[in-house]
Structures are given as C-alpha cells and as structure tokens.
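> I am attaching a structure below and will ask some questions about it afterwards.
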Amino acid sequence: MIKRPLATATFLLAAAAAFAHQGVQNEAVKARMHSMTLLDKDLKMLISMAKGELPMDAPAAQEATYRIETGTPDITVLFKAPENDPKSEALPAIWDEFDRFAALTRDLEQAAATAAPTIQDRPTLAQAIANIGGACRACHKRYREQSK
Ligand code: HEC
C-alpha cells in the first residue's frame, strides 16, 4: 500500500534533483526556481519521514504540508511575467495559457490543504505525499521541460 505512492514521489524528486538554477542570470527566474526549491525541501522531508529515515512526527509533517499550502500561491505571482533564462526549464505554454497554469497552482494548494489534517501515521503520510506529489507532477508534465 505504502510503496506505490512513495515510489512515484521518489521518482518525481529524482527528476527534480538536479539543481538547475546554478548559473541563472535572470533574477526573476532565480526567484521562481527558489520558490520551487522550498516546496521541494518540504516534500523531501515528508518522504524521508514516510520511509522511516526520519522519525514519524505527525505535527511536523502537518506543518510542512501547511507550508507547502501557504507557499504555493507564490507560484502564480512569481511566474506571471514571461521571464526567461538559458537555464530555465519553464515552457512557453505557461504564458499562452496562464489561467490553466494558475488553476494547477490552486490544485496543489488544495491538495496540501486537504492532506494536512489527515496525516497521523506513515500510511496517511504516504497518501498525503501521493496527492501532493501528483499535483506537482501535473504541472511539471505540462509546463516544465523534462529533458534538462
Ligand atoms: C503550477 C505549476 C507548478 C507546480 C504546481 C509545481 N511546479 Fe515545480 N516547477 C514548475 C516550473 C514551470 C518549473 C521550471 C521553472 C524554471 O526553470 O524556470 C519548476 C521547477 C521545479 C524545480 C526545479 C527548480 C530549479 O532549481 O530549477 C523543482 C525542484 C520543483 N519544481 C519542485 C516542485 C515541487 C516539489 C512541487 C510540488 C510540491 C512543484 N514543483 C509544483 C511548475 C510547477
């Protein structure tokens, strides 16, 4: 039961693990990448907890989930301007259909808000990770270059 969502989330993080923002010149691009790094940090912490690499601490996991929820609206603000950089993985479709991009942002916010109060133990944490990670992936699939 636990294994599948975790495998998915781990795959997602492995794909995101390369710190692409090194050498980025454009400050706006750097800022939006940084917002992603913060989300990533909390999600990674949750995964470590679900895997037993960290002790299970439901209040700390809920807190990290709320941080994801409250940090998420920043995405819409930070990505609004069509800024670019040679190192950016953002696809131009973001600005062709910004409403759709913004809706995926709200989906993540909602997923985190819904998941936070359900976290009690490792199985409920794994489910929360699957739901949150799915919302990250839904946006990356459509709006983030996969090859870099
Ligand atoms: C609404 C869309 C959207 C959502 C939701 C989203 N991301 Fe992203 N993410 C992007 C885009 C677009 C980029 C590429 C930005 C660039 O390179 O300019 C990105 C880049 C990243 C990066 C690479 C940052 C870097 O330094 O280059 C990481 C890590 C990341 N996202 C993690 C996450 C995690 C974890 C979540 C969920 C908790 C998440 N993202 C949710 C759109 C999204």
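The values are calculated or read from the model by the stated rules, or taken from the named source; none is laboratory data. As the structure is a prediction and not an experimental result, all values here were calculated from the model. Heads up, the Cβs are rebuilt from the backbone with ideal geometry, glycines too, and the neighbour counts pull from every protein chain shown. When the accessible area is computed, the model is the full protein with side chains, heavy atoms only, and any ligands, DNA or RNA have been set aside. Shrake-Rupley method; radii C 1.70, N 1.55, O 1.52, S 1.80 Å.
> Please list, ordered by first then second residue, the pairs with beta carbon atoms under 7 Å, 6 or more apart or interchain, first in the stretch 61-79 and open to solvent by less than 80 Å² (accessible area, probe 1.4 Å), second modelled with pLDDT of 95 or more and basic (Lys, Arg).
Taking only residues 6 or more apart or on different chains, the pairs are Leu78/Arg32; Phe79/Arg32.
> More than 21 Å from Glu27 (Cβ to Cβ) and buried (at least 16 other Cβ atoms within 10 Å of the Cβ): which single residue out of Ala135, Ala103 fits that description?
So the residue among Ala135, Ala103 that is more than 21 Å from Glu27 (Cβ to Cβ) and buried (at least 16 other Cβ atoms within 10 Å of the Cβ) is Ala135.
> If you don't mind, there's one more thing I want to ask. Would a scan of the stretch 8-30 turn up a residue that is within 10 Å of the ligand (Cβ to nearest atom), modelled with pLDDT of 95 or more, touching a strand residue (DSSP E or B) at 6+ places or on another chain (Cβ under 9 Å) and closer than 26 Å to Pro92 by Cβ?
For the stretch 8-30, residues within 10 Å of the ligand (Cβ to nearest atom), modelled with pLDDT of 95 or more, touching a strand residue (DSSP E or B) at 6+ places or on another chain (Cβ under 9 Å) and closer than 26 Å to Pro92 by Cβ: present.
> Against the conditions (1) surrounded by fewer than 17 Cβ atoms within 10 Å (Cβ to Cβ); (2) of a type outside the set (Phe, Trp, Tyr); (3) more than 17 Å from Met33 (Cβ to Cβ), where does Gln146 fall short? Just the number, please.
Of everything listed in (1) surrounded by fewer than 17 Cβ atoms within 10 Å (Cβ to Cβ); (2) of a type outside the set (Phe, Trp, Tyr); (3) more than 17 Å from Met33 (Cβ to Cβ), Gln146 misses just condition (3).
> Further, regarding this structure: With respect to Gln120, determine if the residue is more than 9 Å from the ligand (Cβ to nearest atom), closer than 18 Å to Thr37 by Cα and outside any helix (DSSP H, G or I).
Numbers: more than 9 Å from the ligand (Cβ to nearest atom): yes; closer than 18 Å to Thr37 by Cα: no; outside any helix (DSSP H, G or I): yes.
Taking the combined requirement at face value, the residue does not satisfy it.
> Oh, and also: Which of the residues belonging to the stretch 68-99 are part of a helix (DSSP H, G or I) and within 9 Å of the ligand (Cβ to nearest atom)?
Across the stretch 68-99, the qualifying residues are Ile68, Gly71, Ile75, Thr76, Phe79, Ile94.
> Right, something else. List every residue pair whose Cβ atoms lie under 7 Å apart, where the two residues are 6 or more positions apart in sequence or sit on different chains, the first residue falls within the stretch 106-124 and is small (Gly, Ala, Ser), and the second residue, located anywhere, is outside any helix (DSSP H, G or I).
Ala112/Thr72
> Additional query: How many residues are of a type in the set (D, E, K, R) and either free of Cβ contacts under 8 Å to residues at least 12 places away in the same chain or open to solvent by less than 10 Å² (accessible area, probe 1.4 Å) (or both) if we restrict to the stretch 40-60?
Residues meeting the conditions: 3.
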